[in-house]
Amino acid sequence: MQQKPFEIHKAPVPPLRAEPRHAAAGGGVGHIQGVQATSGGLIRSTMLAGGAAIAILVLFWLPAEYDIDLTGVGGLLGLTDMGAIKTQLAAEAAAQDAAAAAAPANPADAALSGEVALRLDRIEAQLQQIAAVIGADVLSRAGTTTPAQEPEPVPEPEPEVVTAEPAAEVPAVAAPAPEPESVPGWRDELVFTLAPTEAKEIKLVMAAGEAATFEWDAGGGGVNYSQHGDDGAEQEVRFEEGRASPGQSGTMTAPFAGNHGWFWRNRGEVPVTVTLRVSGGYSELIEVE
């Protein structure tokens, strides 16, 4: 019998099943289940998140950053003190930066600090003492040779007493030299007094990467301070700030070339004497007017 060719369009079609499919073993565990979200639920979640953000802003952020305490919670947590310090130091630093920008940029126009002037006075005094000793030595030699030429200068010993007196003054030349031993290891020491509400800013001229060791104390009192630096253009950095602080010590490393140092202000009711000692990598210590 001849076999007929298979025609696919004439093949029987199996009936469609109407019964439901069985769930996978384990009751469908492991399948992703969708979460239905309604417009009311989204609005409620958004409002709760916004309310939480407003509560954090009013209760914590405003007191800690701007000393604005609308509820009194910031004062109970001590956040208003932090905000007051930041606000006050920012205002003082901005005033000092504005004054520095208005000042002449030429370093030769800046006035010498009190410590530099004092050192120049000491050097001049030492030179005068050395000149006086050298002159006395010449006079003593002239006094000893003159009696040697005379036959018998026995009755005149008085000139020898006069010339011998200046010899006892020679140690006076070396007297100022031991002064740096009072602060061993320090390159510069600066002492100044701040009257109530008075301020002063001292900077170290540093190259990028240089490090300076420092310490300062307020003589038993307390002052507000800001330790910062700038390059006179766009770069600036703030290292540390404090309020009613008795002192500070450590090492300051310059992240870029410029002037790096401290700004102090006496917010107390009595004068405060500040002593600053520094050493290490810097080319000059200047007072910012």
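Tabulated data
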read-out	value
Helices (runs of 4 or more DSSP H) fully within region 50-152 counting 2 or more residues that are modelled with pLDDT under 65 and farther than 22 Å from Leu285 by Cα	114-149
So Val173, is it modelled with pLDDT under 95 and part of a helix (DSSP H, G or I)	yes
All positions within region 62-101 that are of a type outside the set (Asp, Glu), surrounded by 16 or more Cβ atoms within 10 Å (Cβ to Cβ), out of contact with any Pro (no Cβ under 6 Å at 6 or more places or on another chain) and farther than 15 Å from Arg238 by Cα	Leu62, Pro63, Ala64, Met82, Ala100
Only listed residue being out of contact with any helix residue (DSSP H, G or I) (no Cβ under 9 Å at 6 or more places or on another chain), surrounded by fewer than 16 Cβ atoms within 10 Å (Cβ to Cβ) and within 22 Å of Asp231 (Cβ to Cβ), chosen from Thr273, Thr251	Thr251
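The values are calculated or read from the model by the stated rules, or taken from the named source; none is laboratory data. For clarity, every value in this text was computed on a predicted model and none was experimentally measured. Cβ sites come from the backbone with ideal geometry, for glycine too, and all protein chains shown count toward neighbours.
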